[in-house]
Amino acid sequence: MIGRKRPAAAGPNPWEEEGRRLAPLFGSVASAVVIANDPEAAARVALGIARVGALERRVAVADLTGGTPSLVALAGDGDAHGITDSFLYGVSLNAVARPAADGTASLFILPCGSESSVPEEVLRSDRWRRLAAGFGDAGALLLIVAKAGTPALAALVSQTDGAVSVGDATIPLDWRVIAQAGDRTPIATQASAVDGARRPWSAFSILSAALLAVTILIAVASLWPRRTPERAAPPRASATPAAGAAVATPATPADTVRVSDPVNPPDSAIAAQFAVELVATNTATGANLWLRERGAPLPGVTVSPVLLGAARTRWHKVLAGAWQDRMGADSLLAALRAEGILRPDAGVVVQVPLAVLLEAGVPRGAAPARVAALGSRGVPAYALVQDDGTVRLFAGAFETAAAAVPLDADLRVLGLAPQLAYRTGRTF
């Protein structure tokens, strides 16, 4: 009719978009429980993760909420059998799993089933462990959608690779958290809730925002890092201008916050500057997950939070090793690729001569305990043996002093007194 407007097409669901944003964190995950106070929000986050994952492998989304609209719609028409019927009455999972009704290839939905609520015995069943292991063996991904506060939820989470917290869902501190959806820290602005109402900031969000506010005062021109190794996931920093090239004067004010100069300038000539950058993620959770799964046996492994891109977004680089010459780093990288710890095209040798010095003169026998104690506080510490037999404890590894600012700020919040230093010594 003349004068009537055509209804606007529905825009992308913000929770599903949040799931897509977090999807890169699940490359090495076989199973996870997505938890929210609002079951539909959890379902949408799971679907966002699943749609990206289904581009490369099979993904199944299991509904343990009693039936969310989005998952019910994707399950399509069919009988009432679901995941609870499989656990309680022996219905085959092949009969329960349904291809996504919207035609998304490699995406399957496991509806809740005939039970209006999920019995505790289903969540406590040790069959989840076998099911998760089966998905891992097949290179597939299982995402289980659950409502926060569901009894026996801890028993379910403990049998998977971990949990995904959505929105303001309360997650116990002892749970393994893979990602938090709806918390954009360390990005500069906090995302609002789906309904448009502004959520109250948690203490963690306030702390992260405060740290970020400190670091963004760094001058762009004088502190801009050199080009980062090329990879698909993290954004790349701008390249450093060639020698003699003109540098445009930035509009931003001169920097007012920076770390001090290295405390051991004579050691610059003997710095253990070479390391292997293993992975870079946009959350600390993703970096820590990689470390727990693959990093334990690696020498001198640490995490370096850095700010990348024009938006100065915080990323977390996992690095290993410390060598004065490149040969040692090349050997480690080749070995990690050969053993399948890294993909053939993953990892890169980097030059990171600087680090944050935590302690010096530590007896060699006491170093492992000190590293473990610092690690329990969230400090990415590692030990390097010096020529005199004592040990220095470092955290992070950086190309420039400017890059060390985020970690320096983090450590000072923990009550430590970090010092920028050239990395010296060898791993053990």
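The values are calculated or read from the model by the stated rules, or taken from the named source; none is laboratory data. This is a predicted model, so every value here is computed, not measured. Cβ sites come from the backbone with ideal geometry, for glycine too, and all protein chains shown count toward neighbours.
Tabulated values for the structure
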| read-out | value |
| --- | --- |
| Hits in segment 383-403 - residues which are of a type outside the set (Val, Ile, Thr) and farther than 12 Å from residue 423 by Cβ | 387, 388, 389, 401, 402, 403 |
| Selection status of residue 70, over 25 Å from residue 136 (Cβ atoms) and touching a Lys or Arg at 6+ places or on another chain (Cβ under 9 Å) | yes |
| Any hit, segment 131-139, residues being part of a loop (DSSP other than H, G, I, E, B), hydrophobic (A, V, I, L, M, F, W, C) and surrounded by fewer than 22 Cβ atoms within 10 Å (Cβ to Cβ) | yes |
| Residues located in segment 92-110, provided they are crowded, with 18+ Cβ neighbours inside 10 Å, over 21 Å from residue 154 (Cα atoms) and at pLDDT 80 or above | 97, 98, 100, 106, 107, 108, 109 |
| Failed item in (1) surrounded by fewer than 18 Cβ atoms within 10 Å (Cβ to Cβ); (2) of a type outside the set (Ser, Thr, Tyr); (3) more than 20 Å from residue 22 (Cβ to Cβ), with residue 113 passing the rest | (1) |
| In segment 282-310, the residues that are closer than 18 Å to residue 370 by Cα and part of a loop (DSSP other than H, G, I, E, B) | 296, 297, 298, 299, 300, 301 |
| Out of 300, 321, 328, sole residue that is over 21 Å from residue 411 (Cα atoms) and crowded, with 22+ Cβ neighbours inside 10 Å | 321 |
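Each row is one residue, and each column tells you yes or no for (1) part of a strand (DSSP E or B); (2) modelled with pLDDT under 90.
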site: 358; (1), (2): yes, no
site: 370; (1), (2): no, no
site: 374; (1), (2): no, no
site: 379; (1), (2): no, no
site: 388; (1), (2): no, no
site: 395; (1), (2): yes, no
site: 407; (1), (2): no, no
site: 428; (1), (2): no, yes
